[in-house]
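In what follows, a structure is listed as structure tokens, so that the remarks can point back to it.
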Amino acid sequence: MNVGFIGLGLMGRPMALNLIRAGHSLRVWARRAEAMQPLLDAGAVAGASAADVAANVDVVITIVGDAPDVERVALGPDGIADGARPGLIHIDMSTISPEVTQSIAQQLRDRGVTMLDAPVSGGEPGAINATLTIMVGGDASAFECVKPLFEAMGKTISHIGGNGAGQVAKACNQIVTGVGVAAVAEALNFARKSGVDAGAVREVLMGGFAASRILDAHGGRMVQRNFKPGFKSWMHQKDMRIVLEEAHRLGLQLPTAAAAAQLYNAMVGSGLGEEDSVAMLKLFERMSGGEG
Amino acid sequence: MRVGFIGLGVMGRPMAEHLMQAGHTLGVWARRPESTAPLVEQGATAYATPAALAAACEVVITIITNSQDVEGVAFGEHGLAAGFARGAVHVDMSTIAPDAARDFARRYAEAGIDWVDAPVSGGEQAAVAGTLAIMAGANEAAFARVRPLFEAMGKTIVRVGEPGAGQVAKACNQMVMVCALQACAEAMHLARTHNVDLAAVRTALLGGSAASRVMEVMGERMVKRDFSAGIQARLHHKDFGILLDEAVKIGAPLPIAAQTWQQLNALMKQGWGYDDTSSLLKVLEAASGSKA
């Protein structure tokens, strides 16, 4: 398939490389030209703009920062809609609000472009190993049409519903992981401050009902005190903000997510924003009067 | 002084009347001309646009709903900025985001116009009595010029700092007040669950360390189950959206405010947004399956 790819960061680069490996021809674009180099070395073609990429492919994938970035690249000057050929499918794999996603999808539809929202979970390792979880919202036949692309990047691939449904699933994912990381950090800090070996606690808990992917992976990194990102805590802060803005709009009570969100605020405010979200452990250590 | 006034709602109208009673010459503008009628009957002059009003006044006061409304009135078509002479002052007494206030101050400064953000506390009762608390963000010279106007409308008048600082103080005010309201609601709910007389509990508490203005005024509404009067809860809900969004931007953890926000979300979902915020008591009752 002729595929365009915009957003070659920590996640986007390995995802794009996996598409090339699966035999697709790639046209890429990035605001910073040097970000394209690793892809050009692997055989991708450089586009001149998002519009230029859109004009030369059947499907264009974006994975960028936040809603304003998606809006700019999709609908702004020299954006995807400016270059789109009729029938173009735009897959946005960024994490943004369901509400904004629906609005962008509507505007793209008016200009002949079908949009799918397809945010991912699994982090950088999932992107590298093509084992991402991909949650998709939008037209079902467009989903079938681009499924081979998803299969080149991920393992668990689900069509959840209409436009925005993928982002709703991702928001749910962020509630569970955001709260989960906090819970694991709290437990391991509790163990250690009680004079008990946190590694041993994690190990035994993995045999019972507290076992989880987060306790396993994130808890493991906390025990090793490996705070290298991964998934930076400011990103999780951003995602929690999306969740709580939706709750505000819909009149939903999310007390646990709201509490966790305040902890991410504290991380960013106290200089832990660039570290992995497992640095939540450091926050708890400070709050309980000690450090690592 | 020749003073303009925009926003003749439950707060604005009595405030404007106090200015006239203090001897100031009042000009008014409203989107719906009929809302200016009561003031015009008392001798105010109505103008066709904000720009026309600004051209006729040394100071224009606005007290309207949100940042977008203020921006529209100030910088939109036929807005205040188009009519102000150099040296004029825009005093905005609405509750908006501190960032928005700073932005408006900067834009006015380029044209040699002063900006004062001066949100108020005390509700309709204090607006009518002329006893509002007014918290201002302004340069010292501009504050000194408009101080006589504040003295006609309020009792506690404080210049908190430069533009935006008034809105920061107002955010603090909203946070403390609504969190106290939630605490008061929980206390009343606890008392009722024990089948203890709420009025007696309130009276007892007002004599001790838990005494507060909120316990006095909102506590009474809870005792009487009179949720109709006072401050519409939807406005506090809006304020908390702004407040918690700012907390994300600056990386500040606000754990109690975040929980109160969730209770306000639930209140909105129940359809009580136009009732007084003492309806937070009903949210607790709904959650525990009890009702009066």
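Only the coordinates and a few stated rules stand behind these numbers; no lab work does. Computed from a predicted model, the values in this text were never measured in an experiment. Ideal geometry is used to build each Cβ from the backbone, glycine not excepted, and the neighbour counts take in all protein chains shown.
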#### Entry: Antiparallel bridges, percent of DSSP beta bridges restricted to chain A (to nearest 5)
15
### Query
Using only Cα atoms, what is the ratio of the radius of gyration of the protein assembly as shown to 2.2 N^0.38 Å?
1.12
### Message
Take the residue pairs A:LYS155/A:LYS238; B:LYS249/B:LYS282; A:LYS170/B:LYS269; A:LYS170/A:LYS228; A:LYS232/B:LYS282 and return only those whose Cα atoms are more than 28 Å apart.
### Response
B:LYS249/B:LYS282; A:LYS232/B:LYS282
### Message
In whole Å, what are the extents of chain B along the principal axes defined by its C-alpha atoms, from largest to smallest?
### Response
63, 45, 34
### Query
Hey, how many Å between the Cα centroid of the stretch A:69-84 and the Cα centroid of the stretch A:177-252?
37
## Note on the structure
FRET efficiency (A:THR256, A:LYS193; Cβ distance; R0 30 Å; to 0.05) is 0.85
### Query
Under 20 Å Cα-Cα from A:LYS193, which aspartates and glutamates qualify once same-chain neighbours fewer than 8 residues away are excluded?
A:GLU203, A:GLU285, A:GLU291
### Task
Alpha carbons only, please: Rg and Dmax for the stretch A:169-265, in angstrom.
14.4, 44
### Query
Roughly speaking, what is the stretch gain from A:GLU124 to A:PHE209, that is 0.36 nm per residue apart minus the C-alpha to C-alpha distance, in nm to one decimal?
27.9 nm
### Query
B:GLN68 label point, 7 Å along Cα→Cβ, cut-off 16 Å on backbone N: hits in the stretch B:140-174?
none
### Unit charges at the beta carbon, dipole of the stretch B:27-159: most positive-side option, B:ALA48, B:VAL70, B:GLY87
B:GLY87
### Query
Roughly what % antiparallel, to the nearest 5, for the DSSP beta bridges in the stretch A:38-143?
25
### Task
Collect residues whose amide H, placed 1.01 Å from N in the peptide plane, falls under 5 Å from the amide H of A:ILE91; neighbours closer than 5 in sequence don't count.
A:VAL60, A:ILE61, A:THR62, A:LEU116
### Task
Could you work out the mean count of beta carbons from other protein chains within 10 Å of each residue's beta carbon in A:246-253?
6
### Summary
Amide H proximity to B:LEU132 below 5 Å, modelled H, separation 5+ or other chain, gives B:GLY154, B:LYS155
### Query
Dipole magnitude of the protein assembly as shown about its Cα centre, charges +1 at Lys/Arg Cβ and -1 at Asp/Glu Cβ only, in debye to the nearest 20?
700
## Note on the structure
For chain A, inverting the pair-averaged 1/r of distinct alpha-carbon atoms gives a Kirkwood value in Å of 19.8
### Task
Could you tell me which of B:HIS236, B:GLY208, B:LEU254 has its Cα farthest along the dipole of the stretch B:169-255 towards the positive end, charges placed at Cβ (Lys, Arg +1; Asp, Glu -1), taken about the Cα centre?
B:HIS236
### Query
Just how far, in whole angstrom, is the stretch B:150-227 from the stretch B:110-136 if you go by their alpha carbon centroids?
20
### Task
Quick one: work out the % antiparallel among DSSP beta bridges in the protein assembly as shown, nearest 5.
15
### Query
Suppose R0 equals 41 Å; then what is the FRET efficiency for B:GLU124 and A:CYS172 from their Cβ-Cβ distance, rounded to the nearest 0.05?
0.50
### Message
As I understand it, the value is the acute angle between the Cα axis of helix B:233-250 and the longest principal axis of the Cα atoms of chain B; what does it come to in degrees, rounded to 10?
### Response
80
### Message
With equal scatterers on the alpha carbons only and no solvent term, can you work out the Debye log10 of I(q)/I(0) for the stretch B:147-292 at 0.14 1/Å?
### Response
-0.73
### Task
Report, in degrees rounded to the nearest 10, the 0 to 90 angle that the Cα long axis of helix B:12-21 makes with the longest principal axis of chain B.
50
### Message
List the GluC sites (Glu not before Pro) within the stretch B:37-73 that DSSP assigns to loop and that have no more than 13 neighbouring Cβ atoms inside 10 Å.
### Response
none
### Query
What helices does chain A hold that run 20 Å or longer along their axis, going by alpha-carbon atoms, with a Kyte-Doolittle average of -0.5 or more, using DSSP H for the helix calls?
A:165-193, A:255-269
### Per principal axis, descending, Cα span of the stretch B:164-229 in whole Å
46, 28, 16
#### Entry: Average Cα contact separation per residue, the stretch A:19-173, under 8 Å, 6 or more apart, as relative contact order %
18
### Query
Magnitude of the Cβ-charge dipole of the stretch B:51-184, K/R +1 and D/E -1, about the Cα centre, nearest 20 debye?
300
### Query
What full-extension length gain, to one decimal in nm, is calculated for B:LEU206 and B:HIS194 as 0.36 nm per residue of separation minus the Cα-Cα distance?
2.4 nm
### Message
Please report the spacing between the Cα centers of the stretch A:131-157 and the stretch B:67-108 in Å, no decimals.
### Response
48
### Summary
Relative contact order in percent for chain B (Cα pairs under 8 Å, 6+ apart) equals 13
